[in-house]
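Taken together, the values in this text are just the output of simple stated rules run on the coordinates, not laboratory data. This structure is a prediction, so every number in the text was calculated from the model and none was measured. Cβ: placed from backbone, ideal geometry, glycine included. Neighbour counts: every protein chain shown.
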Amino acid sequence: MPPFAELAAGVSRIVAPNPSMMTGPGTNTYIVGEERVAVIDPGPAIPEHIENILEKSAGSIRWILATHTHPDHSPAVAALAARTGAEVLGMPAPAGAHQDATFAPTRVLADGDALEAGEFRLEVVHTPGHASNHVCFRHAALNWLFTGDHVIDGSTVVIDPPDGNMKHYIESLQKCRDLGCAALAPGHGEIIDDPVRVIEWIIDHRLQREAKVLAAVRANPGLTTIELVPHVYQDVAPHLYGWAERSLLAHVLKLEVDGVARRSNDAWHA
Ligand SMILES: [Zn+2]
């Protein structure tokens, strides 16, 4: 991916220099607007990336928005706000590990809110699932959705309970699909220009995995979550079983809420 790209009139993207297995090519930072600018997901607090954001923003940065508060999305907010005096918009970080506790919104967002910038309008869509405080932003004129880690390009996102919630994730995917957006601008990877097809693929993929989890619980009653992993994730190498267990837990917790599976002590039954 190019480190900087102009994607549409008044929308450009800088890729933060934090590539990894979890972040793909790096975190996408979006710059919206030409005179008065909004920055979406400034990313990790890497000084050269922050300088780059300041340099590539043609106008003055008035707003800084975070889709959520995982460490690859929001830690640069504080430094960028200090440099620009911009307003900080987002939902506060929940308690727990893998959260950026430095994130301090001056405007706390809720579903249905909008940032009216004159030049553009960003509408807030609360999308819990990957993270409880996750929001997407719909650019009204372009009908694009900035999706953070709710939908990313080229791989599936981690749903890590308890803050990650598979039932909420699937419901939030349905909500975004029904917006009928023209394109998705994800937190990692390239623009997705067939949103409905991609979102439906993700929903199908998750529900197929869920069916596999339920079949494994039925065939092997009384196993714990980690014991179920090899029955569900035959395609996953054993050194990744830790991640697979988190994902499997997200599925069985959804099945429990749906009334299909139940837990006694740490063992699962259907
Ligand atoms: Zn995330």
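Using the crude model of +1 on Lys and Arg Cβ and -1 on Asp and Glu Cβ, and no other charge, please compute the dipole size for the range 157-270 relative to its Cα centre, in debye to 20.
340 debye
Identify the residues of the range 8-32 with backbone N under 17 Å of a label point that sits 7 angstrom from the Cα of E87 along the Cα-to-Cβ direction, or state none.
Hits in the range 8-32 for E87 at 17 Å: 32.
Search the structure for amide H atoms under 5 Å from the amide H of N18, placed 1.01 Å from N in the peptide plane, and list their residues when 5 or more places away or on another chain.
So N18 has HN proximity to T27.
For the range 53-122 and the range 19-50, compute the distance between their C-alpha centroids and round to whole Å.
If we compute the Cα centre of each part, the gap is 11 Å.
Taking neighbour Cβ counts within 10 Å as the exposure measure, how do R197, R246, R62 sort from fewest upward?
Numbers: R197 11, R246 15, R62 18.
Ascending number of Cβ neighbours within 10 Å: R197, R246, R62.
Identify the residues of the range 181-199 with backbone N under 18 Å of a label point that sits 7 angstrom from the Cα of H98 along the Cα-to-Cβ direction, or state none.
Counting backbone N atoms under 18 Å from the label point, the list is 187-189.
What is the distance in Å between the Cα centroid of the range 165-187 and that of the range 132-153?
Here the two parts' Cα centres lie 8 Å apart.
Let me know the charge dipole size of the chain about its Cα centre in debye, to the nearest 20, where only the beta-carbon of Lys, Arg (+1) and Asp, Glu (-1) is charged. Working shown, then result.
Working: 20 positive and 33 negative charges, 109 e Å.
Dipole magnitude for the chain comes out near 520 debye.
Under a cut-off of 28 Å between alpha-carbon atoms, report the lysines in cross-link reach of K212, not counting same-chain residues fewer than 8 places apart.
K167, K175, K254
When only C-alpha pairs under 8 Å and at least 6 residues apart count, what is the relative contact order of the chain, in percent?
Numbers: 564 pairs, mean separation 31.2, N = 270.
Computed over the chain, the figure is 12 percent.
Convex hull over the alpha-carbon atoms of the range 1-139: what's its volume per residue in Å³?
Normalising the Cα hull of the range 1-139 by residue number yields 101 Å³.
Under a point-charge model restricted to the Cβ atoms of Lys and Arg (+1) and Asp and Glu (-1), what is the dipole moment magnitude of the range 1-81 relative to its Cα centre, in debye to the nearest 20?
Details: 4 positive and 8 negative charges, 28 e Å.
Dipole about the Cα centre, nearest 20: 140 debye.
Each residue of the range 120-127 in order: what ³J(HN,Hα) in whole Hz does its phi give by Karplus 6.51 cos²θ - 1.76 cosθ + 1.60, θ = phi - 60°, with x for Gly and Pro?
Per residue, the Karplus-derived 3J(HN,Hα) values read 8, 9, 10, 9, 8, 10, 6, 10 Hz.
So what are the ³J(HN,Hα) numbers for the range 72-82, from phi and the Karplus equation (6.51, -1.76, 1.60; θ = phi - 60°), rounded to whole Hz, Gly and Pro as x?
Calculated HN-Hα couplings, in order: 9, 10, 10, x, 7, 4, 4, 5, 5, 5, 5 Hz.
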